[in-house]
Amino acid sequence: MPNVLMVFPRFNQHSFWNLQAVCDTYGSLAQSPPLGLMTVAALLPTDWNVRLVDRNADILEDDDLDWADMVMTGGMLPQRVDTLKLIDIAHARAKPVVVGGPDPTSVPEVYGSADFQVLGEAEGVIGSFIAAWNAGVRSGRFEEEKFQVDVTKTPAPRFDLIEFKRYSYMGVQFSRGCPFNCEFCDIIELYGRVPRSKTNEQMLAEVEALYLAGYRGHINFVDDNLIGNKKALRRFLPALTAWQQARGYPFEFSTEASMNLADDAQLLAMLRGANFFGVFIGIESPDTDTLIAMQKKQNTRRDLVEGIHKLYSAGIVVIAGFIVGFDNERNSVAQGMIDCIEAMSIPVCMVGLLTALPNTQLTRRLEREKRLLPLVVEQGDHCTEGLNFVTTRPRRDILADYRDVLAAVYAPDAFFGRLRTVCRALKPPCHAKTFEPRVHWHNLKFFGRVLWWMSVREPRYARHFWATFASTAWHNPWTLKYMIFHIAFYLHLGPFAEFVIKRLEEEMGELDRQPPARLAAQPGAPEPELAAAAT
Ligand code: B12
Ligand code: SF4
């Protein structure tokens, strides 16, 4: 039977989500394990031998490659550089390579050097690959029919392939897809607009497997939008709550959801009951016209600030995504965004440049308008390498606005100020947890490392740290844990914001020195008149 070496490629270094500093203080090597590959592993015949190497947490040894009959790899866009490198590494040892995952699915032509391309959700296509391999076929392309996979048949990921202590948190997936239709989004192109959910039994079996294997602490529901199918979620949450109650709440959960979560007090109460503590929300822009143009209508007709504060009242912290660079954005975008972030008191905001991802409505429109530029993702992500199109506002103005937002929201005074506000606003949990000495000891060490970092390695933050610590301990001590988690985040975000600002200033300097025709000189750039008009 074949030996399958699964390799999760390294993420680009300069990205918002490269939380190395957080992992260092937390005592882990990477943030979370490769759920996609672990799911594919569970779909392979049980007598195939599988080894998993996560290049973000492990070293790929020659021995691993010598052992393998095939290498399976792939992931998302900021892993592309390493995935392509891995294909060459495996080929140098004459090992066939199978690629799959979101980026190969979106742009298979980039991965032409792989022997096999297994595209789409693996459940719907892996069977054809296995049959071909068993029949002696050693190259080919297999493609899943879009959005047909019945996730109620998806097996639990192979958690046995990873070591928990290497990661900050675990991931599970309840549903795939999102009902909304944001123009820039590739989720709906990859996973569809009709959310498909697992059954209660399936999900409880996954959390039970983690529990029995000894894992405790944070689990992230990696759903595209956990509330995409509210009916299914309403069915699931009481079962999850009962499971948690019976075991003394061994897990706390985070997820990703759309802003309309704030409208549903009952659902918020259910999430709180199951011990959800955090949610990522794409807010994107404070400007209603911009939101309408990007087809993010679910964020309009509402008071965004009030909505976020409703989540705090349910004991849920928010990380939010914002984007600069939309077509009909006004010159006031920077101040509007800064004011909005301040009013919402969201400490951790992923502010990035609009990026036309392959295989999206946005990319198709820009192509039609002849405004699309090549997408470069060599070292970073949309925070460092976005805006791959001819912009309607002068490019320099957009970069300046982006810089102003980063400078304002990640200034220590502003960040720690928002953190103090949110730590006061969060409502305490409504249930008692069983005391887990191991988890508490781990959190204590985490606290100690953050303390050391704040006072010895980065003394410039010490004043802010102690002010925030005192305020939180006095007003709402149960949130100290979340305070520490956010401060650890800042150990990455503070320097990352400085790094991005420096790059933006270099790019603006370059634009100042060059004539408007510069864009037209780029490969794949539009006609000179259009480029000149756009700059
Ligand atoms: C969790 C997650 C993260 C985590 C990653 C944690 C980790 N270690 O994996 C974090 C928060 C770090 C992250 C960050 C980012 N992410 Co992300 N992320 C996700 C998310 C929500 C879930 C991933 C997951 O676990 N899915 C569950 C598994 C079961 O699904 P799957 O990975 O698709 O795997 C299935 C198939 O793709 C296939 N498959 C997967 N791998 C392989 C390999 C082989 C060989 C085969 C045959 C098949 C196969 O089989 C699996 C079963 O069907 C996805 C959305 C999604 N629905 O997947 C976005 C997603 C992968 N992220 C995306 C992006 C763009 C990013 C960011 C750039 C910015 C952002 N939007 O947040 C950053 C970059 C990270 C960095 N460090 O540079 C895009 C990728 C688009 C693309 N074309 O590549 C996605 C699709 C969503 C999106 N639009 O935001 N992300
Ligand atoms: S709400 Fe999020 S996942 Fe859904 S379409 Fe919009 S950007 Fe995509």
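The values are calculated or read from the model by the stated rules, or taken from the named source; none is laboratory data. This is a predicted model, so every value here is computed, not measured. Note that we place each Cβ from the backbone using ideal geometry, even for glycine, and neighbour counts take in every protein chain shown. Areas reflect the complete protein model, heavy atoms only, side chains present, ligands, DNA and RNA absent. Shrake-Rupley method; radii C 1.70, N 1.55, O 1.52, S 1.80 Å.
Overview of values
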{"item": "In segment 167-181, the residues that are open to solvent by 10 Å² or more (accessible area, probe 1.4 Å) and more than 16 Å from ligand 2 (Cβ to nearest atom)", "result": "167, 168, 169"}
{"item": "Criterion (open to solvent by 10 Å² or more (accessible area, probe 1.4 Å) and within 12 Å of ligand 2 (Cβ to nearest atom)) met by exactly one of 190, 212, 204, 226", "result": "190"}
{"item": "Of residues in segment 121-144 being open to solvent by 20 Å² or more (accessible area, probe 1.4 Å) and more than 19 Å from residue 74 (Cα to Cα), the one nearest to the chain's Cα centre (by Cα)", "result": "131"}
{"item": "Condition met for residue 96 (over 24 Å from the mean Cα position of the chain (by Cα) and open to solvent by less than 30 Å² (accessible area, probe 1.4 Å))", "result": "yes"}
{"item": "Spans of helices (runs of 4 or more DSSP H) in segment 353-437 with at least 3 residues within 16 Å of ligand 1 (Cβ to nearest atom)", "result": "361-368"}
{"item": "Residue that is farthest from the chain's Cα centre (by Cα) [pool: residues in segment 376-416 that are among the basic types (Lys, Arg) and crowded, with 20+ Cβ neighbours inside 10 Å]", "result": "395"}
{"item": "Residue match in segment 492-507 (condition: open to solvent by 50 Å² or more (accessible area, probe 1.4 Å), at pLDDT 95 or above and over 27 Å from the mean Cα position of the chain (by Cα))", "result": "yes"}
{"item": "Residue count for segment 229-263, restricted to those that are open to solvent by less than 20 Å² (accessible area, probe 1.4 Å) and either under 29 Å from residue 193 (Cβ atoms) or polar (S, T, N, Q) (or both)", "result": "14"}
{"item": "Failed item in (1) in contact with a helix residue (DSSP H, G or I) (Cβ under 6 Å, 6 or more places away or on another chain); (2) open to solvent by 20 Å² or more (accessible area, probe 1.4 Å); (3) within 16 Å of ligand 1 (Cβ to nearest atom), with residue 280 passing the rest", "result": "(1)"}
{"item": "Checklist (1) among the acidic types (Asp, Glu); (2) within 16 Å of ligand 1 (Cβ to nearest atom); (3) over 27 Å from residue 336 (Cα atoms) applied to residue 252, failing item", "result": "(2)"}
{"item": "Selection within segment 229-253 - within 16 Å of ligand 2 (Cβ to nearest atom) and among the polar types (S, T, N, Q)", "result": "229"}
{"item": "Check on residue 77, closer than 18 Å to residue 155 by Cα, open to solvent by 20 Å² or more (accessible area, probe 1.4 Å) and within 9 Å of ligand 1 (Cβ to nearest atom)", "result": "no"}
{"item": "Condition check for residue 327: under 25 Å from residue 404 (Cα atoms) and either in a loop (DSSP other than H, G, I, E, B) or open to solvent by less than 10 Å² (accessible area, probe 1.4 Å) (or both)", "result": "yes"}
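Yes/no matrix, rows are residues, columns are (1) at pLDDT below 95; (2) open to solvent by 60 Å² or more (accessible area, probe 1.4 Å); (3) touching a Ser or Thr at 6+ places or on another chain (Cβ under 8 Å):
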residue: 453; (1), (2), (3): yes, no, yes
residue: 467; (1), (2), (3): no, no, no
residue: 478; (1), (2), (3): yes, yes, no
residue: 489; (1), (2), (3): no, no, no
residue: 513; (1), (2), (3): yes, yes, no
residue: 529; (1), (2), (3): yes, yes, no
